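For reference, the structure discussed in these notes is given below.
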Amino acid sequence: MSELMSEAEELDAADGLAAVRERFVLDDVTYLDGNSLGALPAHVPDRVADVVRRQWGELRIRSWEESGWWTAPERTGDRIAPLVGAAAGQVVVGDSTSVNVFKALVAAVRMAREDGAGGAVGAGRDEILVDAGTFPTDGYIAESAARMTGCALRPVAPAEVPSALDGRTAAVLLNHVDYRTGRLHDLPALTAAVHAAGAYAVWDLCHSAGALPVGLDEHGVDLAVGCTYKYLNGGPGSPAYLYVRRDLQHRFDSPLPGWNSHAEPFGMRPGYEPASGAQRGRVGTPDILSLLALEAALDVWDEDGVSVAAVRDKSLALTDFFLRCVGAYVPDGRVESVTPAAHAERGSQVALRCDDAGEVMKRLIERGVVGDYRAPDVLRFGFTPLYVGFADVERAARVLARTLAG
């Protein structure tokens with residue numbers, strides 16, 4: 001047994017989160033793709049079966065009230081809130097990340113212009129800044145939102161945002177963690193810079209929520225969105241969430257006003273009057289089956305007393321150990337890490353540049369190590385501390401080395 005294998009065993013034995021692994025449906029595969037789709041919490045199938053058979057099958061329409069279906073978007077939002085550093089009443093669950101990006105970005109531009117009503121400084125705000133390396137759908141949505149609001153769209157690297165801000169900037173859309181490289185961007189400093197310029201900050205938390213502290217309230221973030229099927233393990237296509245800071249909720253003007261966000265949804269009035277609070281972020285009838293599967297998945301955090309701080313500590317330890325193992329096992333020059341070494345700049349993944357990355361990942365998966373590939377040359381490995389252990393990490397690096405050797 002190699003020294004690194006022995007060290008992995010020792011680290012797993014001392015891991016305070018090791019027992020949580022038993023809460024998930026896992027097999028002999030080394031699963032390092034939780035940053036694309038989280039593993040299934042073992043208790044979720046029975047909970048979903050109850051929703052289908054009893055709540056839908058027996059109670060039927062009564063479940064909107066008796067089973068709490070109607071309030072599930074806010075109730076589940078309050079479960080997610082502490083995982084992103086938010087107090088209750090500011091997160092609502094529903095729709096996809098793309099739809100929530102659209103709602104948040106258009107609302108941000110509208111608030112920026114409202115600030116300038118009467119000829120004040122906000123009147124000329126006609127530009128949206130977007131992370132130049134953003135996940136494609138965020139860019140597509142930002143472009144559409146810019147057309148809709150009559151704004152120019154300006155792609156900017158996150159590090160260059162402070163120097164790009166000016167009196168024209170209405171809103172800035174940024175990713176907390178870069179989906180390709182795993183780089184963690186400085187949310188507190190960038191949010192402060194956006195505010196100093198009189199603009200609004202919209203953050204995409206897809207690759208950070210459930211993996212590291214976010215601090216939405218602490219850092220005064222205006223609006224944020226995120227998916228729930230990665231580190232929150234909500235299941236394929238599980239609904240996303242929208243955060244609206246409490247003091248902005250009365251001004252949140254959604255471009256998608258639906259009956260679920262009406263102040264009197266069952267009044268069936270022709271005129272729209274927005275509800276108060278986070279409910280303004282709702283649109284239409286929620287996807288109950290996926291929503292309640294997500295709500296059940298979040299039990300892992302509550303019932304096991306898992307803290308985001310503990311998850312972050314283990315995440316950094318896992319990624320550090322993986323980089324060490326790669327350095328020890330993989331021949332020099334065969335791969336190059338594009339993930340920052342500094343903890344303050346690293347999310348919960350490691351991206352390795354490799355000339356034949358697509359074929360290498362295919363062979364890795366055949367050998368029981370599941371990561372993913374991002375064109376043109378990136379092997380991407382995600383580390384979900386709730387169920388990934390140090391032995392998984394060591395094995396992944398060892399199989400990678402063997403795969404690269406042919």
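The values are calculated or read from the model by the stated rules, or taken from the named source; none is laboratory data. Source: prediction; values computed, not measured. Neighbour counts run over all protein chains shown; Cβ positions are idealised from the backbone, glycine included. Calculation scope for accessible area: heavy atoms of the full protein, side chains included, ligands and nucleic acids excluded. Shrake-Rupley method; radii C 1.70, N 1.55, O 1.52, S 1.80 Å.
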Worksheet item: Tyr229 is checked against (1) open to solvent by less than 10 Å² (accessible area, probe 1.4 Å); (2) under 26 Å from Tyr387 (Cβ atoms); (3) of a type outside the set (S, T, N, Q); (4) part of a loop (DSSP other than H, G, I, E, B) and fails just one. What number does that condition carry?
Response: (1)
Worksheet item: Within segment 260-269, is there a residue that is open to solvent by less than 50 Å² (accessible area, probe 1.4 Å), assigned to a helix (DSSP H, G or I) and in contact (Cβ under 8 Å) with a residue 24 or more places away in the chain?
Response: yes
Response to the item:
Considering segment 12-30, residues that are in contact (Cβ under 8 Å) with a residue 24 or more places away in the chain and open to solvent by 60 Å² or more (accessible area, probe 1.4 Å), and then whichever is nearest to Ala397 (Cα to Cα), we arrive at Asp28
Practice prompt. Could you pull out every one of the helices (runs of 4 or more DSSP H) wholly within segment 302-406 that has 1 or more residues that are of a type in the set (Val, Ile, Thr) and open to solvent by 10 Å² or more (accessible area, probe 1.4 Å)?
Written response: 308-329, 357-366
Item to complete: All but one of (1) open to solvent by 30 Å² or more (accessible area, probe 1.4 Å); (2) hydroxyl-bearing (Ser, Thr, Tyr); (3) more than 16 Å from the chain's Cα centre (by Cα) hold for Thr181, so report the exception by its number.
Response: (3)
Worksheet item: Among (1) more than 20 Å from Ala8 (Cβ to Cβ); (2) free of Cβ contacts under 8 Å to residues at least 12 places away in the same chain, where does Gly327 come up short?
Response: (1)
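Consider Asp95 carefully, then state whether it is within 26 Å of Arg245 (Cβ to Cβ), open to solvent by 30 Å² or more (accessible area, probe 1.4 Å) and among the acidic types (Asp, Glu).
On the way: within 26 Å of Arg245 (Cβ to Cβ): yes; open to solvent by 30 Å² or more (accessible area, probe 1.4 Å): yes; among the acidic types (Asp, Glu): yes.
Answer is yes for this residue.
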Worksheet, complete the sentence: Of the residues in segment 233-247, those that are open to solvent by 10 Å² or more (accessible area, probe 1.4 Å), touching a residue at least 24 places away in the same chain (Cβ under 8 Å) and over 27 Å from Val20 (Cα atoms) come to Arg245, Arg246
Practice prompt. Mind listing just one residue for me: the one in segment 312-340 that is touching a Phe, Trp or Tyr at 6+ places or on another chain (Cβ under 8 Å) and not small (Gly, Ala, Ser) and, of those, nearest to Pro385 (Cα to Cα)?
Written response: Leu318
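Just one of Gly210, Gly277, Gly284 is open to solvent by 10 Å² or more (accessible area, probe 1.4 Å) and either at positive phi or modelled with pLDDT under 95 (or both); which is it?
Working: Gly210 fails: open to solvent by 10 Å² or more (accessible area, probe 1.4 Å); Gly284 fails: either at positive phi or modelled with pLDDT under 95 (or both).
Result of the check over Gly210, Gly277, Gly284: Gly277.
Rundown of residues vs (1) of a type outside the set (Asp, Glu); (2) within 18 Å of Leu248 (Cα to Cα); (3) in contact with a Leu (Cβ under 8 Å, 6 or more places away or on another chain), yes/no style:
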{"residue": "Ala159", "(1), (2), (3)": "yes, no, no"}
{"residue": "Ala192", "(1), (2), (3)": "yes, yes, no"}
{"residue": "Pro213", "(1), (2), (3)": "yes, no, no"}
{"residue": "Leu216", "(1), (2), (3)": "yes, yes, no"}
{"residue": "His219", "(1), (2), (3)": "yes, yes, yes"}
{"residue": "Ala224", "(1), (2), (3)": "yes, yes, yes"}
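Which of the residues belonging to segment 131-147 are in a helix (DSSP H, G or I) and open to solvent by 30 Å² or more (accessible area, probe 1.4 Å)?
Filtering segment 131-147 for residues in a helix (DSSP H, G or I) gives 136-147.
Answer for segment 131-147, where residues must be in a helix (DSSP H, G or I) and open to solvent by 30 Å² or more (accessible area, probe 1.4 Å): Pro136, Thr137, Tyr140, Ile141, Glu143, Ser144, Arg147.
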Practice prompt. Enumerate the helices (runs of 4 or more DSSP H) found wholly within segment 35-104, keeping only those where 2 or more residues are touching a Pro at 6+ places or on another chain (Cβ under 7 Å).
Written response: 72-80
